[in-house]
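Following: one structure in structure tokens, then a few remarks.
The values are calculated or read from the model by the stated rules, or taken from the named source; none is laboratory data. Given the structure is predicted, the values throughout are model-derived calculations rather than measurements. For neighbour counting, all protein chains shown are included, and Cβ atoms are generated from backbone atoms with ideal geometry for every residue, glycine included. Keep in mind that these areas ignore ligands, DNA and RNA; they rest on the heavy atoms of the full protein, side chains included. Shrake-Rupley method; radii C 1.70, N 1.55, O 1.52, S 1.80 Å.
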Amino acid sequence: VGSSSTNVSLSISVVALFTAVFTFVQAYFAMLVGMDDRVAGAWIGSSVDQTGNVVASAAIISEEATEVAGIVKIVLNSGLGILVTAIAFWWQTRQTTQTETDEENTGTNTTNKFSLLFLWDSFPKFVLGYIACSTILTIVLPLLEESPEGEAL
């Protein structure tokens, strides 16, 4: 993006500061105004930055708020993976089009072709982990119902 390391450090510091503050402020504010636990969990899950902070914040309210917040955060993280892949695809096609236009205008020949390997490199692999875990749990949990192993879960 071309930002200086000072600007990047400042941005990260501001996000970390507000994440730490809102971990506590949002939970107590939700309780203060009498927000329903599920609504509070969804609010916290969608607005607190780090997954660990989401769980900690929602746990202040209740177990139900924690479950809802965790689900919302996982859905947002998974959606982020898909969005990042779409942006990477768009970015590469834009760069390829721009290179072709520059070649026509300057007469130079720069190789910058579209590559699926670029998309694979840009794709956040954690999304595959979410899908794999969800698939495994969807298959295994019903098989464990009413068994000692299932009770342990």
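Before moving on, here are some points about what is shown:
- Per-region count, segment 119-141, residues β-branched (V, I, T) and under 15 Å from N77 (Cα atoms): 2
- Search result, residues across segment 138-153 that are over 28 Å from the mean Cα position of the chain (by Cα) and open to solvent by less than 100 Å² (accessible area, probe 1.4 Å): L144, S147, G150, A152
- Count of segment 1-58 residues which are without any contact (Cβ under 8 Å) to a residue 12 or more places away in the chain and closer than 16 Å to I74 by Cβ: 1
- Residues in segment 25-55 that are over 17 Å from the mean Cα position of the chain (by Cα) and under 18 Å from V15 (Cβ atoms): V25, Q26.
- Filter result for F18 (of a type outside the set (D, E), closer than 29 Å to V127 by Cβ and at pLDDT 90 or above): yes
- Those residues of segment 46-70 which are outside any loop (DSSP other than H, G, I, E, B), hydrophobic (A, V, I, L, M, F, W, C) and within 20 Å of F126 (Cα to Cα), in sequence order: V54, V55, A69
- Within this structure, A88 passes the test of being surrounded by 13 or more Cβ atoms within 10 Å (Cβ to Cβ) and within 16 Å of the chain's Cα centre (by Cα).
- Count - residues of segment 32-45 that are in a helix (DSSP H, G or I) and either of a type in the set (D, E, K, R) or open to solvent by 70 Å² or more (accessible area, probe 1.4 Å) (or both): 5
- Taking the criterion of being open to solvent by 80 Å² or more (accessible area, probe 1.4 Å) and either under 19 Å from the mean Cα position of the chain (by Cα) or within 9 Å of G45 (Cβ to Cβ) (or both), the residues of segment 59-73 that qualify are E67, I71.
- Taken over segment 1-31, the residue count meeting the criterion of being surrounded by 10 or more Cβ atoms within 10 Å (Cβ to Cβ) and part of a loop (DSSP other than H, G, I, E, B) is 1.
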